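These notes concern the structure reproduced below.
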């Protein structure tokens, strides 16, 4: 079974995001970018399935600017077999919306015919949490979102998935082929080791464009404004419990 | 003994700053078949680069003469150059004509060296250099030659996943041994491998001790009405006065950004001094506050600077390799520039290695590099100004500054400095004096608008370290911080560290040194300034540390 893993290049989780002065979005000029952490977990899960003998090949796909090849190289170094880069933007500030991403992935999936798609549950930049679900609808495939465990039954074409839901866990079986979107607790991704990064340079990377696949990536949503959270006001140190109670009552008026 | 994969190259380069990248480019220019690997501990090239910077393009002119046609991120020519002496509320502008000619910034550029390095890395990769960011070099590999002398044959890079006690964790990766006919150490100031090499081969013997400064920098996006692209201003005087040498820089770069920085020479004596807080209060000077009001700080970082100059350059070659750039210490202090020398040193080392490899040599000393560095353009640049820093240190600001100026004028006119060569004598660690000899300094509280507390600012360096790894700031003796540093010097690490790594906390009613290594911005000040020289800065896991944008 072939597994397809979409990976997105996003602002690095260590970077303090800053809104552009015109409010049109987050400033990404000169900012460190890396693989979306949820997608990294998806890549790791695919590799573990392959190591268990339950998958034959792992194909990673990224959609965006040309530099997205960096995150594909990371995924290849971790252990994916080959990569497809779909160039759909020439400016890093142009976010490709989930529907366009899902449409592009659908085209890729029609060519590649994977038995399973493992994706991150959402990208940490726009937090849409939509691509996996839309892809499932477009393909008519089953979906299992917010997964924390994934067991494949190759003989019966079934995946058993534990989902992280509000206040607990839910276990479901979905029929393959399926779209599984993964949550944080699924695994801890491995390091891309130096020898593997060297070897990954020789792994195949195919380049396409959104136009090649006949998908229009023109945004359908317009961003009205982007704002930073209000600055936190300085705290004060109180000297006693009674002073604290007094202030909560009379100044903050919360008790 | 850990089993590691190994690969051999002609030249292994440790560190992707201006010197290492220049060496890589030059090696490939001379012979495209030379195999060159460059390893960088930052998560990407540029992530750990922090510099002012006003770039003297002479290094680039020598390395890539057509750089002006290569879309380099070097666009903002210096248009106006100011030098101000500050008092708490006032300023005196020194006339430009009083400045020695070699201080002139005409033809120089305001750049982000981080971006320049990213661009240099693209050029190097196009020439076929293999560049691996996120790979820290944690060890040198030695072998004995026929005469029984240790020579450097390579490095270990890319070790990941150690537990905090140093044992291999569940996802341990042993890393690789990268072997080279020559190993270039271009780690920047106080590199951890360079420090080991300088000690092992006694490279500083017969030279003055290296001297350092701590540079702190913020990038501000200012109100367009206050922005004057191409203007640079340097200041001295307030707030440091006679407590320490140093001063500020204010560079108006592109896109309404201003690079504002503060340098404190690390030979200060008063352990109560806090370079970080000096920088923060400096921004409240009316001249500076006027510029920053209505603006926004977008990045913060700090890095030690080598300031010893000509007399402190150690021997730069050792069996199997060489020290490049600020691993050797090539900053021209009065000109406040070192990037041009870093690039020239990389070029010179590459040329020496190319000749040696062509002649079938390997693993020996590249004497031709040593000679070229001292007698070529780098040596000439540094030799002229070699007395300025020791004069400043010896006579303080108000007498040292004009004396340094006279010495430079003399050198400009007569070709050699007035005072011969003045020695530095003490290391920066030895300069610290007991805390009880000084009044503690009361610094104003940050206002959150122009000035910020340390931890808020550290978040703007985007630094991070995998928490489960061993602390990379090693104490040789764990009792010394309390017994000596706290008792005698009021533990100065709490104040000189620009990232709030060192904290004295109470535990069971006893003071205890807590090391928050996750905050470290890799500036190396602790390794330099600790009065007991008890702190050893080792490299943490690759990819950790700051993620500087266009620093």
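The values are calculated or read from the model by the stated rules, or taken from the named source; none is laboratory data. A quick note: this is a predicted structure, and the numbers were derived from the prediction, not measured. Cβ coordinates were reconstructed from backbone atoms using ideal geometry, including for glycine residues, and neighbour counts include every protein chain displayed.
Number of residues in the range A:209-229 that are more than 18 Å from residue A:61 (Cα to Cα) and in contact with a strand residue (DSSP E or B) (Cβ under 7 Å, 6 or more places away or on another chain) equals 3. For the range B:494-533, the set of residues classified as at positive phi and touching a residue at least 40 places away in the same chain (Cβ under 8 Å) consists of B:500, B:522, B:524, B:533, listed by residue number. In summary, strands (runs of 3 or more DSSP E) completely within the range A:1-73 and bearing 3 or more residues that are touching a strand residue (DSSP E or B) at 6+ places or on another chain (Cβ under 9 Å) and within 14 Å of chain B (Cβ to nearest Cβ) occur at A:9-11, A:33-35.
The set of residues in the range B:531-551 that are more than 14 Å from chain A (Cβ to nearest Cβ) and within 17 Å of the chain's Cα centre (by Cα) comprises B:536, B:537, B:538, B:539. Looking at this structure, is residue B:320 surrounded by 24 or more Cβ atoms within 10 Å (Cβ to Cβ) and touching a strand residue (DSSP E or B) at 6+ places or on another chain (Cβ under 6 Å)? Judged against the criteria, residue B:320 is a match.
When the criteria are applied in full, residue B:295 fails the requirement of being touching a strand residue (DSSP E or B) at 6+ places or on another chain (Cβ under 7 Å) and at positive phi.
What tally of residues in the range A:165-181 results from selecting those that are assigned to a strand (DSSP E or B) and buried (at least 19 other Cβ atoms within 10 Å of the Cβ)?
Adding up the residues that qualify gives 5.
Among the residues making up the range B:35-62, those that are touching a helix residue (DSSP H, G or I) at 6+ places or on another chain (Cβ under 8 Å) and surrounded by fewer than 24 Cβ atoms within 10 Å (Cβ to Cβ) are B:44, B:56, B:57, B:58, B:61, B:62. Scanning the range B:172-225 for residues that are within 14 Å of chain A (Cβ to nearest Cβ) and either closer than 30 Å to residue B:267 by Cα or out of contact with any helix residue (DSSP H, G or I) (no Cβ under 9 Å at 6 or more places or on another chain) (or both) returns B:172, B:174, B:177, B:179, B:218, B:219, B:220, B:221, B:224, B:225. Filtering the range B:256-312 down to residues that are closer than 20 Å to residue B:335 by Cα and assigned to a loop (DSSP other than H, G, I, E, B), which residue is nearest to the chain's Cα centre (by Cα)? For the range B:256-312, the residue satisfying everything is B:307. Hey, can you tell me all the residues within the range B:423-458 that are within 13 Å of chain A (Cβ to nearest Cβ), in contact (Cβ under 8 Å) with a residue 40 or more places away in the chain and under 13 Å from residue B:500 (Cα atoms)? Passing the criteria: B:452, B:455, B:457, B:458.
Among the residues of the range B:107-131, count how many are within 14 Å of chain A (Cβ to nearest Cβ), within 23 Å of the chain's Cα centre (by Cα) and in contact (Cβ under 8 Å) with a residue 12 or more places away in the chain.
Adding up the residues that qualify gives 11.
Could you identify the single residue in B:332, B:339 that is crowded, with 20+ Cβ neighbours inside 10 Å and in contact with a strand residue (DSSP E or B) (Cβ under 6 Å, 6 or more places away or on another chain)? Every option except B:339 fails the conditions. Would you confirm whether any residue within the range B:162-169 is within 14 Å of another protein chain (Cβ to nearest Cβ), within 19 Å of residue B:8 (Cα to Cα) and out of contact with any helix residue (DSSP H, G or I) (no Cβ under 8 Å at 6 or more places or on another chain)? No, because not a single residue in the range B:162-169 is within 14 Å of another protein chain (Cβ to nearest Cβ), within 19 Å of residue B:8 (Cα to Cα) and out of contact with any helix residue (DSSP H, G or I) (no Cβ under 8 Å at 6 or more places or on another chain).
Looking across the range A:195-213, the residues that are out of contact with any helix residue (DSSP H, G or I) (no Cβ under 7 Å at 6 or more places or on another chain) and away from every other protein chain (no Cβ under 14 Å) come down to A:204, A:206, A:207, A:208, A:209, A:211, A:212.
Okay, residues lined up against (1) at pLDDT 95 or above; (2) out of contact with any strand residue (DSSP E or B) (no Cβ under 7 Å at 6 or more places or on another chain); (3) surrounded by 18 or more Cβ atoms within 10 Å (Cβ to Cβ); (4) over 30 Å from residue A:16 (Cβ atoms):
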{"position": "A:140", "(1), (2), (3), (4)": "yes, yes, no, yes"}
{"position": "A:145", "(1), (2), (3), (4)": "yes, no, yes, no"}
{"position": "A:152", "(1), (2), (3), (4)": "yes, no, yes, yes"}
{"position": "A:189", "(1), (2), (3), (4)": "yes, yes, yes, no"}
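Using the structure shown, decide if residue B:536 is surrounded by 23 or more Cβ atoms within 10 Å (Cβ to Cβ) and either farther than 30 Å from residue B:288 by Cβ or without any contact (Cβ under 8 Å) to a residue 12 or more places away in the chain (or both).
Here the answer is no, as residue B:536 does not meet what is asked.
Against the test of being within 14 Å of another protein chain (Cβ to nearest Cβ) and either under 24 Å from the mean Cα position of the chain (by Cα) or over 30 Å from residue B:215 (Cα atoms) (or both), the options B:134, B:148 yield a single qualifying residue, B:134.
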